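The values are calculated or read from the model by the stated rules, or taken from the named source; none is laboratory data. Here the structure is a predicted model, which means the values were calculated and not measured. Backbone-built Cβ (ideal geometry, glycine too); neighbour counts: all protein chains shown. Protein only, heavy atoms only, side chains kept; ligands, DNA and RNA dropped before computing areas. Shrake-Rupley method; radii C 1.70, N 1.55, O 1.52, S 1.80 Å.
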Amino acid sequence: MIGASIGAALVPDGAADIDSLLKCADLALYRAKQSDKGTFRWFEAGMDMRQRERRALEIELRGAEIEREFELHCQPIIRTQTGKLRGFEALLRWQNPRRGMVSPADFIPIAEETGKLDELGRWVFAMACREAATWPRDLVLSVNVSPVQFRKGNLVGGGLALAGSGLEAHQLEIEITESVLLAESSTNLAILKQLRSLGVRIALDDFGTGYSSLSYLRQVPFNRLKIDRSFVCEIGRCPESLAIVRAVIGLGTNLGIDTTAEGAETVVQLEALRAEKCGELQGFLFSPPVARKSVASIIGAYFEETSRLA
């Protein structure tokens, strides 16, 4: 299959000379490739400024000191029916010395393109596994893994950073998106099966927003489907979103796969997800992502409440 992405610029709107015109068309092409495959983009005046800003951020990211600038944050995962703590999702945050806290939406795509994400991913794995090893044994640690990390081939064995951390394999859950399965699917499928044979849990993130091929659920031994926040946030306003959430939960139930709803922010959403028997929740209704040093207090609060109720 051969595809194409196209960027175009016009005289005199884009530029007045050939060299500048080609540069403008190239910027439009870059934006087309960023957007999606097989798309077309005209040059816009703001593209040059955005590209310069992106290039500056890329340079800073390449030179960033991981131990000094990056932080591990964790967001609680809550059981929907009981309100008990299920575990935490590990999230990466960048505290840039000049810019302050940089949004993951801004730096993660750049890190993925430049190859920096493999180094960052290994650091997150090691740091998160050491942290989770101090938690009660029934709590799960969930870590996002990108296609870049699959291509590097360091996910199985020592790459998981389980050895020496004290974390049990069944406590670790890796989250992937469908892009992992679309690229080199046979190789990545084999890696996923190896991970499952070690006892590691596998979650499919952002389910329902991509191709969402149901054949993945037959081929890959998933433990959990994560319902994207774009559906959850519309519960109470959009009947179609609730219908999709209900369908995903029903699909998971029939396949024996847990479901987690991301982005729960209101009591209305909570009550609807309880009524639909969604397994777990994440969202600001319970807690935003917190710095690693605050995790112990959250665990203490939940277990203290559980003991009081018992």
Convex hull volume per residue in cubic angstrom - Cα atoms of the stretch 238-302: 99 Å³
What Kirkwood Rh does the stretch 37-83 have if only Cα atoms enter the pairwise 1/r average? Answer in Å. 15.3 Å
Binned at 5 Å from zero, the C-alpha pair distances of the stretch 1-73 give percents of 3, 15, 18, 17, 14, 11, 8, 7, 4, 1
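So what is the calculated 222 nm ellipticity per residue for the chain, using -39500 (n - 2.57) for each DSSP H run with n of 4 or more, over all residues, to the nearest 500 deg cm²/dmol? All intermediate terms of the calculation are to be shown ahead of the outcome.
On the way: 13 runs with 143 residues, N = 310.
Value at 222 nm, helices only: -14000 deg cm²/dmol.
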Estimated vicinal HN-Hα couplings, Hz - the stretch 78-91 in sequence order (Karplus 6.51, -1.76, 1.60; Gly, Pro = x): 10, 6, 5, 6, 9, x, 7, 6, 9, x, 9, 9, 7, 10
Heavy-atom accessible area per residue of the stretch 171-291, all protein chains kept, 1.4 Å probe, expressed in Å², is 44 Å²
Accessible area expressed per residue, the stretch 1-85, with surrounding protein chains retained (probe 1.4 Å, Å²): 66 Å²
Enter the accessible area of Arg122 (Å², nearest 10), with the probe set to 1.4 Å and all protein chains included. 110 Å²
Please report, in whole Å³, the volume per residue of the convex hull around the C-alpha atoms of the stretch 1-154. 182 Å³
Could you work out the Kirkwood radius for the stretch 104-144, taking every pair of different alpha carbons, averaging 1/r and inverting it, reported in Å? 11.5 Å
How many percent of the accessible area of the chain is carbon or sulfur, using a 1.4 Å probe? 54 percent
Provide the per-residue ³J(HN,Hα) series for the stretch 291-302, in order, calculated from phi with Karplus coefficients 6.51, -1.76, 1.60 and θ = phi - 60°, each as a whole number of Hz, with x at glycine and proline positions. 4, 3, 5, 8, 5, 4, 5, 5, 4, x, 5, 5
Helix 185-198 sits at what angle to the longest principal axis of the chain, using alpha carbons and giving 0 to 90 degrees rounded to 10? 20 degrees
In terms of modelled amide H atoms, which long-range or inter-chain residues lie less than 5 Å from the amide H of Asn96? Met101, Val102
Towards the positive end of the charge dipole of the stretch 13-84, with charges on Cβ (+1 Lys, Arg; -1 Asp, Glu), say which of Gly83, Ala32, Ala45 has the farthest Cα. Gly83
Which of the GluC sites (Glu not before Pro) found in the stretch 1-83 are loop residues per DSSP with 13 or fewer other Cβ atoms within 10 Å of their Cβ? Glu65
Just the Cα atoms of the stretch 89-158: what Rg and Dmax do they give in Å? 13.4, 40
With springs only between Cα atoms under 10 Å, which of Ser294, Ser146, Ser165 fluctuates most in a Gaussian network model of the chain? Ser294
Set Lys37/Lys152; Lys116/Lys277; Lys33/Lys293, cut-off 30 Å on Cα-Cα distance; pairs above it are Lys116/Lys277; Lys33/Lys293
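If the viscosity is 0.692 mPa s and the temperature 37 °C, what Stokes-Einstein diffusion coefficient in µm²/s follows for the stretch 43-114 when Rh is the Kirkwood radius over Cα pairs? Mind showing how you got there, number by number?
Working: Rh = 14.5 Å.
Rounded, D is 227 µm²/s.
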Find how many whole Å separate the alpha carbon centroid of the stretch 236-265 from the alpha carbon centroid of the stretch 54-116. 27 Å
Working from Cα positions, state the angle (0 to 90°, nearest 10) between the long axis of helix 45-62 and the longest principal axis of the chain. 50 degrees
Looking at the chain, what % of the alpha carbon pairs are farther apart than 30 Å? 42 percent
If one compares the long axis through the Cα atoms of helix 116-132 with the longest principal axis of the Cα atoms of the chain, the angle in degrees, nearest 10, works out at 10 degrees
